[in-house]
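> One structure, pasted below without further comment.
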Amino acid sequence: FTSTYDIYRIVGFIAPSQDTEARIKLRASGSDVGASSQYTRIERYTNRDPSDSSSGQETLTGHTSNEWMVAGGGMKSDSDSAPCWFDLTFFTNTSRQFFNGTGSFIKNTNARVMTGYVGGITNSNLNPDGIKIFLWSGNIRYAEVSIFGVVQ
C-alpha cells in the first residue's frame, strides 16, 4: 500500500488443496502485523444444499483473532470446481483498518453453496503496507487475485 491511494479493492479467488478456510493478515515492512487479539471479523452466509433443496443461514464471528477470515467453515476439497471467490474493499488510512465485502464458496458438507458478506476491523492502528491472503491449513492449488488502488 502507498499514500497515493485511500482505499483498495481486492478481487479474486483461491482454490485450496483440501477443506480449509481462507484468511487475511496485514503486513508491514515485510512481516505480519497484529499479535493475538488484534483482529475482529464477522461473516454471514446464506446456503443452498443441492442434495435436498434446503437452505439456511450461518454466522461466523471472531473477536480478538490473529487474522481475518474471508471464507470459513470448510471449503469443499474438490477445489478445482469450488474455489472461494471474494470481492473486498479495504480501508488503510484510518485510525483502525477496516475491510468489507462478499464471499462465496462450496461448503464441504453436501456441497452446499455458501454466499454472503464478510467484514472486519483491527483493534488498533497496525499501519499496514500490504496484506497476506492464505489458507488455515493445506496448500493453495491455484489463485488469482487483483488489487486496485482508489483515490477519493
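The values are calculated or read from the model by the stated rules, or taken from the named source; none is laboratory data. Remember, predicted model here, so these are calculated numbers, not experimental data. Cβ placement follows ideal geometry from the backbone for every residue including glycine, while neighbour counts extend to all protein chains displayed. Each accessible area value is taken on the protein alone, full model and side chains, heavy atoms only, with ligands, DNA and RNA left out. Shrake-Rupley method; radii C 1.70, N 1.55, O 1.52, S 1.80 Å.
> (1) in contact (Cβ under 8 Å) with a residue 40 or more places away in the chain; (2) within 21 Å of V33 (Cα to Cα); (3) touching a strand residue (DSSP E or B) at 6+ places or on another chain (Cβ under 9 Å): which one isn't true of S124, the others all being true?
Looking at each condition in turn, S124 falls short on (3).
> Looking only at segment 1-21, filter to residues that are assigned to a strand (DSSP E or B) and touching a Leu at 6+ places or on another chain (Cβ under 6 Å); which one of those is nearest to G116 (Cα to Cα)? If you could, list the steps in order and put the result at the bottom.
Quick first cut of segment 1-21, residues assigned to a strand (DSSP E or B) only: 7-16.
Going one step further and asking which of them are touching a Leu at 6+ places or on another chain (Cβ under 6 Å), we end up with 10, 16.
Values: I10: 16, P16: 19 Å.
Selected residue: I10.
> So is I147 in contact with a strand residue (DSSP E or B) (Cβ under 6 Å, 6 or more places away or on another chain), over 30 Å from S55 (Cβ atoms) and either hydrophobic (A, V, I, L, M, F, W, C) or part of a strand (DSSP E or B) (or both) or not?
yes
> Six or more apart or on different chains, Cβ under 6 Å: which pairs go from a residue in segment 130-149 that's farther than 30 Å from T4 by Cα and open to solvent by 60 Å² or more (accessible area, probe 1.4 Å) to one that's among the acidic types (D, E) and not in a strand (DSSP E or B)? Could you list them?
W136/E21
> For segment 1-40, give me each residue that is of a type in the set (S, T, N, Q), open to solvent by 30 Å² or more (accessible area, probe 1.4 Å) and within 22 Å of A143 (Cβ to Cβ).
Within segment 1-40, S17, Q18, S31 qualify.
> Does at least one position in segment 48-67 carry a residue that is over 24 Å from T4 (Cβ atoms), among the polar types (S, T, N, Q), touching a Gly at 6+ places or on another chain (Cβ under 7 Å) and crowded, with 17+ Cβ neighbours inside 10 Å?
Looking for residues that are over 24 Å from T4 (Cβ atoms), among the polar types (S, T, N, Q), touching a Gly at 6+ places or on another chain (Cβ under 7 Å) and crowded, with 17+ Cβ neighbours inside 10 Å, one finds none in segment 48-67, hence no.
Listed here are the residues, each with its yes/no results for (1) without any contact (Cβ under 8 Å) to a residue 60 or more places away in the chain; (2) more than 25 Å from R27 (Cβ to Cβ).
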| position | (1), (2) |
| --- | --- |
| A82 | no, yes |
| L88 | no, no |
| T102 | yes, no |
| K107 | no, yes |
| T115 | no, yes |
| G119 | no, no |
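> If you don't mind, there's one more thing I want to ask. State the number of residues belonging to segment 87-128 that are of a type in the set (K, R), more than 16 Å from the chain's Cα centre (by Cα) and modelled with pLDDT under 85. Show your work before the answer.
Pass one, segment 87-128, residues of a type in the set (K, R): 96, 107, 112.
Filter again for more than 16 Å from the chain's Cα centre (by Cα), leaving 96, 112.
Narrowing further to those that are modelled with pLDDT under 85: 112.
Number satisfying all stated conditions: 1.
> Residues that are of a type in the set (F, W, Y) and in contact with a strand residue (DSSP E or B) (Cβ under 6 Å, 6 or more places away or on another chain): list the strands (runs of 3 or more DSSP E) wholly contained in segment 48-117 that include at least 2 such residues.
Ranges flagged: 84-91, 98-107.
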